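Read the figures in this text as sums done on the coordinates, not as results from a lab. These numbers were taken from a predicted model, which means no experiment stands behind them. So basically every Cβ, Gly included, is an ideal-geometry build from the backbone, and we count neighbours across all protein chains shown.
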Amino acid sequence: MGYAIAQALLRRGARVKLISAPSALLPPSGSEFFPVETAQEMAEAMDKALKGASALVMAAAVADYRPIEVSSRKIKKNGENLCLELVPNPDLLASFRGDYLRVGFAAESEELLPNAEKKRLRKNLDLIVANDITRSDSGFDRDTNKVFFLDAGGSEELPVLTKQEVAERLVDRLTSLLRAKA
Ligand code: CTP
């Protein structure tokens, strides 16, 4: 979804910085690409990329937790259960605030609209794209998506669309939010 949004923004003439974890997709030509592997690296890239930005669109499925320690050696088995202790990662979208529009995604498996609206309010977002990840035509590793857009004015249901089409509709929304802000 992030790559499709970057592409749609480039087509409209925006300057695009794409921050991405490893992916089989090629960064669209014309974008400035920031490859990252961890949530910490993503935070550092966001810090740099957001200087002078007018909008942040956060489609990344950032890991909510990371292992408390990382072993430099192979962990040998001993026949017992293995418990990994995980500590919470910071919520990047919630913590990056500034004079730019902030758009997030909400991946939900139940109570789609109430949960997405709670996220929008908690992270103080201008817009949130709500995604029911239990649907076979939506979410990870699919080319289509069925989403709702939620902003302070209410919610809009979109039909099942390709990720490119969702990206185009999102860029339309973003453009009108930027105009309203100006
Ligand atoms: N997000 C983020 N940093 C995290 C986790 C999520 O910036 N550590 C962003 C995602 O990129 C997305 C939004 O927050 O734009 C919502 O992510 P989602 O996974 O739907 O929800 P969470 O906030 O992680 O809440 P929960 O997992 O409890 O549903």
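Tell me, what is the percent relative contact order of the chain, built from C-alpha pairs under 8 Å that lie six or more residues apart?
Values: 252 pairs, mean separation 30.8, N = 182.
This gives 17 percent for the chain.
Distance check, please: which entries in Lys118/Lys146; Lys77/Lys119; Lys51/Lys74; Lys51/Lys123; Lys51/Lys118 exceed 30 angstrom between their Cα atoms?
As for pairs spanning more than 30 Å Cα to Cα, those are Lys77/Lys119; Lys51/Lys74.
The chain: longest stretch without exposed GluC sites (Glu not before Pro) (DSSP loop, at most 14 other Cβ within 10 Å), sites themselves excluded?
112-182
Which residue, Leu82, Leu150, Leu161, tops the fluctuation ranking in a GNM of the chain built on C-alpha contacts under 10 Å?
Maximum among the listed residues: Leu82.
How big is D, in µm² s⁻¹, for the chain by Stokes-Einstein at 20 °C and 1.002 mPa s if Rh is the Kirkwood radius over C-alpha pairs?
Estimated via Stokes-Einstein, D reaches 121 µm²/s.
Considering amide H positions built from the backbone, and no H for Pro or chain starts, which residues 5 or more places from Leu127, or on another chain, come under 5 Å of its amide H?
Arg102, Gly104
Quick one: among Arg120, Arg11, Arg97, which has the greatest mean-square fluctuation in a GNM of the chain with alpha-carbon springs under 10 angstrom?
Among Arg120, Arg11, Arg97, the largest GNM mean-square fluctuation belongs to Arg11.
Given springs between every Cα pair under 10 Å in a Gaussian network model of the chain, which of Gly154, Gly98, Gly79 has the largest fluctuation?
Gly79
Could you list which residues have their amide H under 5 Å from that of Ile19, counting only those 5 or more apart in sequence or on another chain, with H placed in the peptide plane?
For Ile19, the qualifying residues are Phe34.
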